[in-house]
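Heads up, the thing below is written out as structure tokens.
Bear in mind these aren't lab numbers, they're just calculated from the coordinates by the rules spelled out. Everything numeric in this text was worked out from a predicted model, so none of it was measured. Note that we place each Cβ from the backbone using ideal geometry, even for glycine, and neighbour counts take in every protein chain shown.
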Amino acid sequence: MSIIYNMGVVILNKSNIYPIVILAFIWIILRESFSLSGVIAGAILSVGCMYFYHKYLPLNRVEGIRYSQLILYIFYLVGQIYVSGFYVIKLIIKGASADIVQLKTKITSESMRILLADSITLTPGSILLVLEGEKLTLLCLKMKNDTRDLSAMDDFFKGRLESQLIKVQK
């Protein structure tokens, strides 16, 4: 019972009431019905979302990030997703093969390495298989007859994403 009480104290404070109300309102909009059961379900789900947010996404523990640069990075990433999408279309038309590539990153922050790994996975044509410290193992599409060495592959797959994330680090 004390766990539920502690959870309630953490979640139901002044700074969290507005997000809970907004999330419940979004729930009602997505359900497309305004009823008492919908409002109650939205409130319960919103409190649950805030609980998991505070438990698993503790932003106060993420250090060494320039948040203004991170916002710019989001726009940059969306552009890279489109560019990679067109490149993958070209690969598919000309013939592509899959290959597993191991790369190293220069990013020192663990949260930034995770963001790099997620960014690589979001861009079409590559999927992160393993992230161990500075090593990234990717499954990626490439031209069938591509015989580039590892440094060229490293620049191709991480290249600009990594340099942009290094700018985000403090």
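Observations on the structure shown:
- Theoretical FRET efficiency, 1/(1+(r/R0)^6), r = Cβ-Cβ of I44 and I100, R0 41 Å, to 0.05: 0.40
- Protection-proxy order for peptides 45-52, 97-104, each taking the mean of Cβ atoms within 10 Å per residue, highest first: 45-52, 97-104
- A Förster radius of 25 Å combined with the Cβ-Cβ distance from Y82 to K144 puts the calculated FRET efficiency at roughly 0.55.
- Inter-label distance for I74 and K167, nm, one decimal - labels placed 7 Å from Cα along Cα-to-Cβ: 1.7
- Chain lengthening between K90 and I22 when straightened (0.36 nm per residue, less Cα-Cα): 20.2 nm
- Among the listed pairs K144/K167; K104/K142; K94/K167, those whose Cα-Cα separation exceeds 29 Å are K144/K167; K94/K167.
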